[in-house]
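So the structure is just underneath, and the comments pick up after that.
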Amino acid sequence: MDKIYTTLNKVIEALLAVIFGLLVIDVVWQVVSRYVVGQSSSFTEEFARFSLIWLTVLGAAHINGSKDGHLSMDFLLTKLPEEKKIKRQKIIQIMMAVFALVIMVIGGGNLVYITLSLGQTSSALQVPLGFVYAIVPVSGLIIIFFSYYNIKKLNF
C-alpha cells in the first residue's frame, strides 16, 4: 500500500505542476493578447476557470494525502493526550472519507452524469462540461484512499 501511496502522490504532484504551468501560460497569453495584440483571446478566460477548478479540487486531495493536512483548527487536538489524539484523528479521517463519498463521489458523479447526458458543452472551448466536473468524483476517491491510508498509518 505504501508503493501505491507514493506513486499516487507523485502522479498528483506532476499533474498539479502541469496544470499550474498551463494556467500561468494561459493567463500570460491573455494579458499579452489583450494589451499587446489588442484583441483578447476567446478561450483564455474559460481555460483559466477550468484549470483553476482542477487545480483546487485535486490540490485538496493532494494535501489530504501528502501532508495529512486539511482545513482544521487543531488547537484542542494538540492539547489532548496521545491516545485520545490518535482516536480523534481517526474520527476526523472517517468523517472526511464519508464526506468525500457522499458529496464528492456520489454527488459529483451525478453531476458528471447529468451534464454528459444533457450534452452540455462550454461556450468557447466546446468541451463537454462533464469532463471538467469529472475531477470532483476522482478527487473524492483519492481522498477516500488517503483517509484509509492515514487511518492505517495511525494504527502502527
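No lab work stands behind these numbers, since they all come straight from the coordinates. The structure presented is a predicted model; accordingly, all values stated were derived computationally and were not measured. For neighbour counting, all protein chains shown are included, and Cβ atoms are generated from backbone atoms with ideal geometry for every residue, glycine included.
Close contacts from region 44-60, counting a first residue that is closer than 22 Å to residue 123 by Cα and a second that is of a type in the set (Phe, Trp, Tyr), with Cβ to Cβ under 7 Å and a gap of 6+ residues or different chains, come to 44/29; 55/20. The set of residues in region 1-55 being of a type in the set (S, T, N, Q), surrounded by 12 or more Cβ atoms within 10 Å (Cβ to Cβ) and under 23 Å from residue 105 (Cβ atoms) consists of 9, 51. The residues of region 91-110 that are crowded, with 16+ Cβ neighbours inside 10 Å and not small (Gly, Ala, Ser), listed by number, are 92, 93, 96, 101, 104, 105.
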